[in-house]
1. Within segment 205-247, which residues are without any contact (Cβ under 8 Å) to a residue 12 or more places away in the chain and not small (G, A, S)?
2. Condition first: surrounded by fewer than 21 Cβ atoms within 10 Å (Cβ to Cβ), β-branched (V, I, T) and within 29 Å of H13 (Cα to Cα). Can you find one or more residues in segment 242-256 that meet it?
3. Using the structure shown, decide if A56 is closer than 22 Å to Y33 by Cβ, without any contact (Cβ under 8 Å) to a residue 40 or more places away in the chain and not β-branched (V, I, T).
4. Only residues that are more than 21 Å from the chain's Cα centre (by Cα) and either on the phi > 0 side of the Ramachandran plot or touching a residue at least 24 places away in the same chain (Cβ under 8 Å) (or both): list them for segment 179-204, please.
5. Could you check segment 70-177 for helices (runs of 4 or more DSSP H) lying wholly inside it with 1 or more residues that are touching a residue at least 60 places away in the same chain (Cβ under 8 Å) and touching a Gly at 6+ places or on another chain (Cβ under 7 Å)?
6. Can you tell me which of F217, F222 is farther than 22 Å from G185 by Cα, out of contact with any Gly (no Cβ under 7 Å at 6 or more places or on another chain), of a type in the set (A, V, I, L, M, F, W, C) and in a helix (DSSP H, G or I)?
7. Scan segment 118-170 residue by residue and report those that are charged (D, E, K, R) and surrounded by 15 or more Cβ atoms within 10 Å (Cβ to Cβ).
8. Mind listing whichever residues of segment 1-55 are of a type in the set (A, V, I, L, M, F, W, C), surrounded by fewer than 14 Cβ atoms within 10 Å (Cβ to Cβ) and not in a helix (DSSP H, G or I)?
Amino acid sequence: MNLTLHTFRMVLHIMVGIAVLIFFALYRVKAGYGILIDKKWGVTLPNRWAWMIMEAPVVIAMFWFWAGSPRQWDLVPFIFFVLFQTHYLQRSFIFPWCIRGKSRMPISIVLMGIVFNLANAFIQGQWIFYLAPEHMYNELWLTNPRFLIGTLLFITGMVINIHSDGVIRKLREDGNTKHYLPEKGLFKYVTSANYFGEIIEWLGFAVLTWSLSGFVFFIWTFANLVPRAHAIYDKYREDFSEEMARSTKKRVFPFIY
């Protein structure tokens, strides 16, 4: 389904409004997965399968938008496509199978994740492959400061995110379900370094595409991860009170919050 530009912009503004509501709601309601797992969220799936089922649809949907577009082999849109898919291929098919322990995720969280991921693939795919001005993303874009700075941010954020996930993973052996306070890498400065990386990553994508759809995704990432980082910080203060009392760690942004 291809939208008119006017309708597309209305959809994006609605999504921003929903993101703002979610931002404030998540300071009151903790999403019950990971270290914040809560039985009240209902029936659960093993974490590995849950992550793959939740993240894989965005890979398929974005491929579908790309494959049906007359711009599919235009160099700049194709680079956007590769960057986007690189993140989600790692998130769908590598990250889940590196998880240690026997954690589980509520099916309700998985379903909400699928809905968001499909909506995100829709807005990115619509803009990049159909609605962007025909000559906006020509080859000159590759030397544009917005593309260069955005790509640097995107790659930096991805490296931080993957490295931080690895730090958390190495804290426990297979079968160990305990949680530990991470201290290596950027965890010296924040308790959610992996979220910091992901926020930087999608800020980079918004900059390198210089699109409203990209910035809407960044706003959604911020609205979801910052309140969760706050909840994780509080959980660590509860579970590791002595270590956290001596720590100057922030929640998600080093030296700031």
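1. At the first step, the residues of segment 205-247 found to be without any contact (Cβ under 8 Å) to a residue 12 or more places away in the chain are 215, 234, 237-238, 241-242, 245-247.
Matches in segment 205-247: F215, D234, R237, E238, E242, R246.
2. yes
3. Working: closer than 22 Å to Y33 by Cβ: yes; without any contact (Cβ under 8 Å) to a residue 40 or more places away in the chain: yes; not β-branched (V, I, T): yes.
Yes.
4. Step one: list which residues in segment 179-204 are more than 21 Å from the chain's Cα centre (by Cα), which gives 179-181, 183-184, 188.
H179, L181, K188 - these are the residues of segment 179-204 that are more than 21 Å from the chain's Cα centre (by Cα) and either on the phi > 0 side of the Ramachandran plot or touching a residue at least 24 places away in the same chain (Cβ under 8 Å) (or both).
5. Ranges flagged: 107-126, 145-169.
6. Numbers: F222 fails: farther than 22 Å from G185 by Cα.
F217 is the lone residue from the list that is farther than 22 Å from G185 by Cα, out of contact with any Gly (no Cβ under 7 Å at 6 or more places or on another chain), of a type in the set (A, V, I, L, M, F, W, C) and in a helix (DSSP H, G or I).
7. We begin by selecting, within segment 118-170, every residue charged (D, E, K, R); these are 134, 139, 146, 165, 169-170.
Within segment 118-170, D165 is the sole residue that qualifies.
8. M1, V29, V43
Values quoted throughout were computed directly from the atomic coordinates according to the rules given, and no laboratory measurement underlies them. The shown structure was predicted, so the numbers you read here are calculated from the model rather than taken from an experiment. Here the Cβ is made from the backbone with ideal geometry for all residues, glycine too, and neighbour counts use every protein chain on show.
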